[in-house]
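Working notes, beginning with the structure itself.
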């Protein structure tokens, strides 16, 4: 199952779901029917069947939460080191301009932390710690406004796909 924002359940939501499963376990012990439990707890019959099977095989411990689905590979201390490295800027790491890209951050992680992460993992890591993509605050000095207007007026109408009626 996929969850919004690319992450899993929050700790509170995991605890809530665990309480629902444990409530079902009490009803299993009382001998209630699966369909009744499912209706009262507002879950699917299949989930209750799965929980009942786990409860029979492993008791209450089988219904407890196993914790988050994935543990961040980079610890808080390692992220502090990474943040310090990123604060130095791209030029300090041998990049020709002052733009941080995911691939560049990936390289810094590889060099400094001796760890290999995918680009998607780098994005999730940065997002988890409150970082976001940045848009430039001002236009580039090299921007030629006349050429842009000319392109919009002459080239864009030729390449633009007409809308269907």
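The values are calculated or read from the model by the stated rules, or taken from the named source; none is laboratory data. Keep in mind that what you see is a predicted model, and the values were worked out from it rather than measured. Cβ atoms come from the backbone with ideal geometry, glycine included; neighbour counts cover every protein chain shown.
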**OP:** Please state which of the following conditions residue 109 fails to meet, knowing it meets all the rest: (1) surrounded by 12 or more Cβ atoms within 10 Å (Cβ to Cβ); (2) within 25 Å of residue 14 (Cβ to Cβ).
**Re:** (2)
Original post:
For the range 58-104, what are the residues that are in contact with a helix residue (DSSP H, G or I) (Cβ under 8 Å, 6 or more places away or on another chain) and under 14 Å from residue 129 (Cα atoms)?
Top reply: 72, 73, 74, 78, 79, 81, 82, 86
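Give, as residue ranges, the helices (runs of 4 or more DSSP H) completely inside the range 54-165 that count at least 3 residues that are closer than 30 Å to residue 16 by Cα, in contact (Cβ under 8 Å) with a residue 12 or more places away in the chain and outside the structural domain of residue 19 (by TED's automatic domain parsing). Walk me through how you get there before you give the answer.
Numbers: elements: 76-87, 102-113, 119-128, 145-150, 156-159.
Fully inside the range 54-165 and qualifying: 119-128.
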